[in-house]
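Values quoted throughout were computed directly from the atomic coordinates according to the rules given, and no laboratory measurement underlies them. Being a predicted model, the structure only gives us computed values, none of them experimental. Quick reminder, even Gly has a Cβ in these numbers, built from the backbone with ideal geometry, and neighbours come from all protein chains shown.
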Amino acid sequence: MTAMLPFGARALMSSRQEPADSLDFFPTPPWATRAFVRHVALPVLGVLGDCETVWDPACGEGHMAEPLRESFASVSASDIHPYGYGDVEDFLAQDAGVQADWIFTNPPFNLAVAFVYQALAQAARGAAVLVRTGWLHTIERYELFCQHPPFMIAYYVERVPMHRGRWEPDGSTATDYCWVCWVRGAEPRPSMWIPPGQRELLSHPDDIRRWCKPAALPLFEIEAEPEDC
Ligand SMILES: C[S@@+](CC[C@H](N)C(=O)[O-])C[C@H]1O[C@@H](n2cnc3c(N)ncnc32)[C@H](O)[C@@H]1O
């Protein structure tokens, strides 16, 4: 029997509303980037991991750039906000002109279309953005896709939990995500699905130490040791 949901609950669950001025910092689970590299970037986009440059221009705290570095020799990272990781720069204020072979990023939702136009102007070989599947709709996207037909869309079949401001290794979500990819000069190809089991297969024991902030200090005061007299 299907559980009853209050009216409107499903729509709320699958939407992620952000205020227009939000930086939209939702870190990507490291395993999700590794799955993109393994199933999409290397075999389908044809990234040459040893000799091509990759750039995440909205790197946050490096949750995506660091897993990219596990496979690609040259990865640069920047963000408009000083998170203490990567260079600090506004991607949309960059001068046009090629800056990297590939741009891979999880862009701020409200600026994702502008990010794609900018990425296509700045990447020599191609670009891919991680977006929720609902992003594929709307007239603004229609105009983008008519002007720049994607090479391919790769859907996660597993849920990719993303939370504002932090990565939660045991998190869950009702939002679906996919990668929209462009490869310069290549004919579009059919969509693909990133196979299940990636979260378990590609989570590393070290990830939690690398990306989870230590728990808040306990809310009690530790008594000072009595001083020797
Ligand atoms: C969804 S988060 C992705 C963070 C990281 N790439 C990851 O996957 O974990 C979006 C990031 O875009 C950054 N951002 C927002 N506007 C930006 C801009 N104009 N230029 C560069 N970065 C921007 C935010 O600070 C935030 O870190």
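Observations on the structure shown:
- Least to most buried among Val98, Val40 (fewest other Cβ within 10 Å first): Val98, Val40
- Bridge type composition, the stretch 32-209 - antiparallel percent by DSSP, nearest 5: 45 percent
- FRET efficiency, 1/(1 + (r/R0)^6) with R0 35 Å, evaluated for Glu200 and Cys51 via beta carbons: 0.65
- Per-residue Cβ neighbour rank within 10 angstrom, fewest leading, His163, His63, His137: His137, His163, His63
- The dipole here belongs to the stretch 32-209: it is taken about the Cα centre, uses +1 on the Cβ of Lys and Arg and -1 on the Cβ of Asp and Glu, and is about 480 debye.
- Under 5 Å between amide hydrogens, built in the peptide plane, is the criterion, and for Tyr177 it picks out Thr133, Tyr156, Val160 among residues at least 5 positions away or on other chains.
- Cβ-Cβ FRET estimate between Glu187 and Ile80, R0 fixed at 41 Å, reported to 0.05: 0.75
- Residue order, fewest to most beta carbons within 10 Å, for Ile208, Ile139: Ile139, Ile208
- Distant-in-sequence amide contacts of Phe26, defined by a placed amide H-H separation under 5 Å and a gap of 5 or more residues or a different chain, comprise Gly165.
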